[in-house]
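Taking it in order: structure first as C-alpha cells, then the write-up.
Read-outs throughout are calculated quantities, based only on the coordinates presented, and are distinct from any laboratory measurement. Predicted, not measured: the structure shown is a model, and the values here were computed from it. With ideal geometry, Cβ positions are generated from the backbone for all residues, glycine too; neighbour counts draw on all protein chains shown.
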Amino acid sequence: MYAAELPTLNLVIGEALRILAEKERSETQAPSSLTVHSKYSHWACLTEGTVVRLDRLQVVSWAPPGHKPPSLDGFVVTRDSFVRSQTTTSTYARCCQYKSVTDDTKIYWQYSRRKGWLKPWKITIVADDSTGLSRDQIERVLDHCRFYRFLTIEVALDFGPQSAVNREFVKRHAQFGKSRRRAQTR
Amino acid sequence: MHKQGEMRVLYYGGRKSDKFVRCYSKPGLGFRVELELHSGLLRHHQISTLEDLRYLPQLIQPKHFQFVDLDWVKLKRYLVHKFGAGGHQILVCAQSRARSIRWVLRYLRKNKVPNPHRFLAPLPMNEAITRALSRWVRQF
C-alpha cells in the first residue's frame with residue numbers, strides 16, 4: 001500500500017518545493033531596498049526645499065600679548081564688559097560683543113585670559129537665523145587671527161514647513177552615527 | 001518649570017562628545033536639525049582652515065547624519081529562517097516599536113538578532129540632503 005502511494009507523495013513534495021523556490025526567486029528579484037525606496041519616493045520631492053546654513057562658528061586664536069579685539073567692517077561694538085567667572089575655573093575676563101549692521105549676526109570676542117593654558121582669544125560667531133554665516137563674515141574675523149583653530153562648527157539643515165520631516169519622523173528614521181538620543185531628564 | 005517648547009527638542013550625542021545634535025521646530029523655517037561638530041571630530045578629519053569647510057558634506061553624510069528605514073522584508077526572511085514560527089512574534093513586536101528606530105534596534109538586539117543595523121536601508125530623501133549640502137558648499 002505504501003509503495004503504491006509513494007509516487008503521489010513524491011509529486012506533492014516536488015510541487016511544494018517548486019512553489020517555494022518560485023516564491024523565493026520572486027522575492028530576490030524585487031530587492032527589499034527598492035521596496036523601502038518606493039514606499040518613501042514621494043517624500044524625496046518633499047525634502048527638495050532643504051536649506052543648509054552655517055549657524056555658529058567658534059575659534060580660538062593666538063594674539064600678541066595685551067591685544068584688544070579689533071574693530072570689524074560691517075559690525076558695531078554693542079558691549080565690551082567684564083565677565084564674572086561662570087564656574088570654579090575662571091577663563092576669560094572680558095567679552096566684546098559685535099552686531100552686524102546689515103543682519104542679526106553677532107560676534108562674541110572673549111579676551112584677557114585668566115589661565116596661561118588658554119588661547120588669548122576665543123571668538124564665537126552666531127549667524128542670523130534666516131541667512132546663516134557667509135564666507136565674507138568669517139573672513140572679516142579670521143583676518144585678525146593668527147594660528148587659529150576651529151572649536152565648533154554648527155551646521156543647520158532646515159526642512160521646509162511642507163516637508164515630511166518633523167519630530168516624529170526624526171525619531172523614526174534619523175541616524176546620527178553612533179550618537180544616541182538623550183533621554184529627557186527634566 | 002519647563003521653558004515653553006523645551007520638551008520638544010530632540011538631543012543626540014553630548015556636549016562633551018565629538019558631536020551634539022539638536023532637532024526642533026523653528027517658527028517660519030520649518031524643522032531644523034542642528035549638527036554641532038566639535039574640535040575632536042574636526043581635527044580627526046583635518047578640518048582646520050576656512051578652505052577645509054568644503055569637506056563638511058562628506059564628513060556629515062552619510063556617516064553622521066542620514067535617514068534610514070528598516071527593511072522589513074529582509075528582516076522577516078531572517079527571523080523566519082532563524083527562529084521559525086517564533087520569528088513572526090518577534091517581527092510583530094518589532095513593528096509595534098517602529099515609531100523609534102532606536103527602540104526597534106534595541107528590541108532586536110535583546111532578542112538575539114546581532115548587528116540589526118544591517119537591516120537598515122537609506123531613504124531616497126538623503127539625496128536631497130546631499131544636494132542641499134553640495135549647494136551650500138558651492139555658494140559658500
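Cross-link candidates for residue B:26: which lysines have Cα within less than 27 Å, leaving aside residues fewer than 8 places away along the same chain?
Correct list for residue B:26: A:99, A:106, A:171, A:178, B:3, B:16, B:63.
Helix B:126-139 versus the longest principal axis of chain B: what is the Cα-based angle in degrees, 0 to 90, to the nearest 10?
Long axis of B:126-139 versus the principal axis of chain B: about 10 degrees.
At R0 = 41 Å, how high is the FRET efficiency between residue A:168 and residue B:50 if r is their beta carbon distance? Nearest 0.05 is fine.
E between residue A:168 and residue B:50, to the nearest 0.05, is 0.65.
Give me A:52, B:137 ranked fewest to most by other Cβ atoms within 10 Å of their Cβ, as a rough exposure proxy.
B:137, A:52
So if I take the centroid of the Cα atoms in region B:94-109 and the same for region A:132-162, what is the distance between those two points in Å?
When both Cα centres are located, 37 Å separates them.
Please give every one of the lysines within straight-line cross-link reach of residue B:110, meaning a C-alpha to C-alpha distance under 16 Å, and leave out same-chain neighbours fewer than 8 residues apart.
B:82
For chain B, take N as its residue count and report Rg(C-alpha) divided by 2.2 N^0.38 Å.
Taking the Cα Rg and dividing by 2.2 N^0.38 Å, one obtains 1.31.
Show that you can apply the helix-only estimate: for chain B, add -39,500 (n - 2.57) for every DSSP H stretch of four or more residues, divide by all residues, and state [θ] at 222 nm to the nearest 500.
My calculation for chain B gives -12000 deg cm²/dmol from helical runs alone.
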